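A short worksheet on the structure shown next.
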Amino acid sequence: MRYAMAVDTKKCVGCGDCVVACQTENNVPHGYCRDWIVENVAGTYPKLEIELRSERCNHCENSPCVRCCPTGASHIVDGGIVLVTHDECIGCGACIESCPYDARYPHPEGYVDKCTFCVHRVSDGENPACVDVCPTSCLHFGDLDDPNSDVSKILKNRKWKVLAPEAGTNPQLYFLT
Amino acid sequence: MKEELFVSGRNIPHIDPYLHLWTWEIPLYLFLGGLAAGILFFAGYFYIMHKERDMTATIKWAPMLVPFLLVIGLGALFLDLHHKLYFWRLYTIIRLESPMSWGAWVLMAITPLSIVWAGTYVREVFPNFKWPLALLNDFETFAKKYRKAMAWVMMILAVILGVYTGILLSAFNARPLWNTSILGPLFLVSGFSTGLAAIIWMSKSKYERKVLTRIDLIFVFVELFFIIHMIMGLQAGSQAAIEASQLFLGGEFTVTFWIFVVLLGLLFPATLEIFELRGYHVPGWLPSFLILMGGLVFRFVILEAGQITRYLY
């Protein structure tokens, strides 16, 4: 099993519903977020191009955060989801420094927090909260090892990219372009 | 034009708009750790070379400081933790992949060792000192028999500690400025040089100062070579690495780095040391003070600059 998410940058309108859904679902403290939206503007006027990306933890296969964690609090569970065990985390910040995507943050209670791919929902066969709430259905989630899953099919048919492939992290958050 | 904006209002403390999670605690610790490693290495080395009579500051005086340096350093590390009450989790597991884990274990070994080493000399350094417990007296007699073994272990652990202060940062793939393998040797050499500077400052013997100053000069020039090497390596790297090196080549850390680290922290004290060896009168504390200051500023600069650097996408 290999969970992954594909973000359709052609369909995303940057409404921020995924961000709010995540904050509500996961009780993210006020002022913090586990997912966020980046607007990338490139080109010269009048030929400007906008790309909207809903970003979160990339649940990397070769995850630098798991490697550098001194206590083993950061770990990978079944399906390749990267998680933090709160009462093993000492809040040293090594994982935050090591993440090329700035996807982690120190929770006000001390431990390091991040996107969990809504593991509590996914293990019950549901989609992550951000995916379910997206009004343009631009988020696709599923198992890459299953060729019939939503995410496998769309990655087969569309062009995609990942962020900072040169970091060698093998991220599992795909952006359809 | 190329512009990236967070349109969902992301403004997380310590992370946005640029990473500044580690502030003064980590560089202070890296400095104290390197300094302690330097002092312990040379205390062990000259003890093994049977220089106990000639090199009293190296073997007896300076190591008195080390337990305090390490405890202050550990205190700074503790202050840096965000989930402080769980710090003991560090010592429930050994993770070889994580430099921070084996660094924590090395500290666990070298701190008590430095206390025992200082304890075996404390009555020689302070003749009026008396152990409050008779048991400690017996322990001192016992530990004195194993000084040679301790010296060997101290030298090995000091090298690991010195390298670890650099590897801690170079293990972070996400920060191009840190992610260079030269950082380990560079921090080791810099730490040893600050250790020597501290011993020279404390030493009153002409012979000892001369020997240590000569060694320190070598370390300073190796450090300069490594710094040039680091910048050349970054310049020859990817776009992210080039941008990281630009922070020192016209970017916001240029003045701090070249004036306070390279000029005042390395070149100027090295010149003073050369003059001192040639027989000119130089205030004894000045080169040492400058090298120590340079070492401290160096760690602050590398830490702050490194956190700004990142992959570009």
Amide H within-cut-off set for A:ASP113, under 5 Å, with H built and near neighbours excluded: A:TYR105, A:HIS107
Pairwise centroid distance, computed over Cα atoms, of segment B:57-101 with segment B:240-313, Å: 25 Å
3J(HN,Hα) from dihedral phi, segment A:97-103, Karplus parametrisation 6.51/-1.76/1.60, rounded to Hz, x for glycine, proline: 5, 8, 7, x, 10, 6, 8
Among B:LEU96, B:LEU19, B:ALA143 - extreme Cα towards positive end, dipole of the protein assembly as shown, charges at beta-carbon: B:ALA143
Alpha-carbon centroids, segment B:106-146 and segment A:41-113: separation in whole Å: 46 Å
Length released on extending from B:ARG278 to B:TRP152, taking residue separation times 0.36 nm less the Cα-Cα span: 42.0 nm
Share antiparallel - DSSP beta bridges, the protein assembly as shown, percent rounded to 5: 85 percent
Dipole magnitude of segment B:33-165 about its Cα centre (Cβ charges: Lys, Arg +1; Asp, Glu -1), debye to nearest 20: 200 debye
Rounded tilt (10° steps) of B:206-235 against the dominant C-alpha axis of chain B: 20 degrees
Residue mean of other protein chain beta carbons inside 10 Å, B:285-295: 0
Over 31 Å between alpha carbons, listed pairs A:LYS114/A:LYS161; A:LYS114/A:LYS159; A:LYS161/B:LYS84; B:LYS2/B:LYS84; A:LYS159/B:LYS2: A:LYS161/B:LYS84; B:LYS2/B:LYS84
Cβ-placed point charges (K, R +1; D, E -1), dipole of segment A:30-101 about Cα centre in debye, nearest 20: 140 debye
Distant-in-sequence amide H partners of A:TYR174 (H built 1.01 Å from N, under 5 Å): A:MET5, A:ALA6, A:VAL7
Within 10 Å of each Cβ in B:78-91, the average number of Cβ atoms from other chains: 6
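Roughly how many debye, to the nearest 20, is the charge dipole of the protein assembly as shown about its Cα centre, given +1 on each Lys and Arg Cβ, -1 on each Asp and Glu Cβ, and no other charges?
Result for the protein assembly as shown is approximately 1820 debye, rounded to the nearest 20.
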Ranked list, fewest to most other Cβ atoms within 10 Å of each Cβ, for B:TYR146, A:TYR101: B:TYR146, A:TYR101
Shape call, segment B:192-267: gyration tensor on alpha carbons, a/c limit 1.5: prolate
Positive-end extreme of charge dipole, segment A:20-138 - chosen from A:CYS68, A:PHE117, A:CYS22 (charges on Cβ): A:CYS68
Cα centroid of segment B:2-22 to Cα centroid of segment B:166-228, whole Å: 35 Å
Whichever lysines have a C-alpha closer than 18 Å to that of B:LYS60, once near sequence neighbours (fewer than 8 apart) are set aside: B:LYS51, B:LYS130, B:LYS144, B:LYS145, B:LYS148, B:LYS204, B:LYS206, B:LYS210
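No value in this document is a laboratory result; all are computed from the given coordinates. What you are looking at is a predicted structure, and each value in this text was computed from that prediction instead of being measured. All Cβ positions, even for glycine, are placed from backbone atoms using ideal geometry, and neighbour counts span all protein chains on display.
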